[in-house]
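Take a look at the structure below.
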Amino acid sequence: MSDDRDPSPYDALLLLSFGGPEGPDDVVPFLENVTRGRGIPTERLKEVGQHYFLFGGVSPINDQNRALLGALRMDFADHGLDLPVYWGNRNWAPYLTDTLREMTRDGHRRIAVLATSAYASYSGCRQYRENLADALATLEAEGLELPRVDKLRHYFNHPGFVGPMTEGVLRALADLPAEVSEGAHLAFTTHSIPTAAADTSGPVEDHGDGGAYVRQHLDVARQIADAVHARTGIEHPWELVYQSRSGAPHIPWLEPDICDHLEELHGSGVPAVVMVPIGFVSDHMEVLYDLDTEATAKAAELGLPVRRSATVGADPRFAGAIRDLVLERAAAERGAPAERCALGALGPSHDLCPIGCCPARAPRPAAAGADSPYA
């Protein structure tokens, strides 16, 4: 096997995701998993779950992950990469601990982990690392020989992520009526998080106003807007906006909200808007409800033509990007040179999360970082 197809020291890849309900009876138990420890009453969870019940109690995220799993296996086979791929979730079946136990019993001892979250933040990175540590602690208590797990770097600026997002914007612009398409604004959307979490996202040197979370999203938005300009000759105005806020109203979260932004654009005479969900890997519930349902209804109420561009999902270019990430990290672990693909001004992210990166409110053990209790 040539070096460019050599995944060693890794003997498996774990696709690690959030999870979602797959039927009406799953909704409240799923939300109980997501909110565990917060003391939220069941009746309140039923109210929150109405978004899921509108879609038959099914989140699309699990099917999206099955599609990505298939795309990865196909890509690996097509490129001669002999690496089995497993899938585990934080909040629903297949659960992370069960999958990691299966991988351990299958004999895997060095596991690369790809989280379906492209950016730095507590909920998008460190919380996954905490979940990995919890799973490893469970396996240790069961007397199993623990594998080493390494989380792959953030991929927000990898060409295999940015390229499909750009193509999605071009398709959405082409789908608008010709008389409004040229003047359309681009609203790049991502999940709102508390400003305190944003300010401390990324390594300590990146902490500050918005932290790495905001800077990374701005960098991707700028890349996509510039690529659209280069392809069409039209410079579309753009802004980074937020969606899917939750939590206590007195706690500051990142703004503006997408619906407020649509009202502002309409008031200023903007003829059309393309919503670009750069913060999401696939069309899960925050995309289907908050954008396709709620924000689209707001635009219709305003009489504002709006389109939503596609997420990367199981695009073959994204599967290829994940292969790149595995092979570059494998090479680094072997001490071999490797190309680290990254677009924009920020360059490739770190491989190992440093101490102080995306801290939690209350310290908890986290695997796959400089502060990991598991070597």
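The values are calculated or read from the model by the stated rules, or taken from the named source; none is laboratory data. These figures come from a predicted structure and were not determined experimentally. Cβ: placed from backbone, ideal geometry, glycine included. Neighbour counts: every protein chain shown. Remember, those area values only see protein heavy atoms, side chains included, never the ligands or the DNA or RNA. Shrake-Rupley method; radii C 1.70, N 1.55, O 1.52, S 1.80 Å.
Return the residue satisfying two criteria in turn: it lies in region 80-110 and is open to solvent by 70 Å² or more (accessible area, probe 1.4 Å) and part of a loop (DSSP other than H, G, I, E, B), and of such residues it is modelled with the lowest pLDDT. Filtering region 80-110 for residues that are open to solvent by 70 Å² or more (accessible area, probe 1.4 Å) and part of a loop (DSSP other than H, G, I, E, B), the one modelled with the lowest pLDDT comes out as Asp82. Within region 141-153, the residues that satisfy the criterion of being in a loop (DSSP other than H, G, I, E, B) and either of a type in the set (D, E, K, R) or out of contact with any strand residue (DSSP E or B) (no Cβ under 6 Å at 6 or more places or on another chain) (or both) are Glu142, Gly143, Leu144, Glu145, Leu146, Arg153.
From the residues in region 111-140 that are part of a helix (DSSP H, G or I) and among the aliphatic types (A, V, I, L, M), which one is nearest to the chain's Cα centre (by Cα)? The qualifying residue nearest to the chain's Cα centre (by Cα) is Leu132. Has region 113-125 got any residue that is of a type in the set (A, V, I, L, M, F, W, C), in contact (Cβ under 8 Å) with a residue 24 or more places away in the chain and open to solvent by 10 Å² or more (accessible area, probe 1.4 Å)? For region 113-125, residues of a type in the set (A, V, I, L, M, F, W, C), in contact (Cβ under 8 Å) with a residue 24 or more places away in the chain and open to solvent by 10 Å² or more (accessible area, probe 1.4 Å): absent. Within region 1-49, if we keep just the residues that are over 20 Å from Tyr95 (Cα atoms) and hydroxyl-bearing (Ser, Thr, Tyr), the residue that is surrounded by the most Cβ atoms within 10 Å (Cβ to Cβ) turns out to be Tyr10. Once region 167-192 is narrowed to residues that are surrounded by fewer than 20 Cβ atoms within 10 Å (Cβ to Cβ) and touching a Ser or Thr at 6+ places or on another chain (Cβ under 9 Å), the residue that is nearest to Glu333 (Cα to Cα) is Glu167. Whenever a residue of region 358-374 is of a type in the set (Phe, Trp, Tyr) and modelled with pLDDT under 95, its partners that are open to solvent by less than 60 Å² (accessible area, probe 1.4 Å) and in a loop (DSSP other than H, G, I, E, B), lying with C-beta atoms within less than 8 angstrom and at least six residues away or across chains, give the pairs Tyr374/Leu146; Tyr374/Ala367.
Among the numbered conditions (1) in contact with a Phe, Trp or Tyr (Cβ under 8 Å, 6 or more places away or on another chain); (2) at pLDDT 95 or above; (3) under 30 Å from Pro41 (Cβ atoms); (4) not basic (Lys, Arg), the only one that Gly247 does not meet is (2). Applying the condition of being of a type in the set (D, E, K, R) and surrounded by fewer than 19 Cβ atoms within 10 Å (Cβ to Cβ) to region 134-152 and asking which residue is nearest to Val85 (Cα to Cα) yields Arg148.
Among the residues making up region 271-323, those that are of a type in the set (S, T, N, Q) and open to solvent by 40 Å² or more (accessible area, probe 1.4 Å) are Thr293, Thr296.
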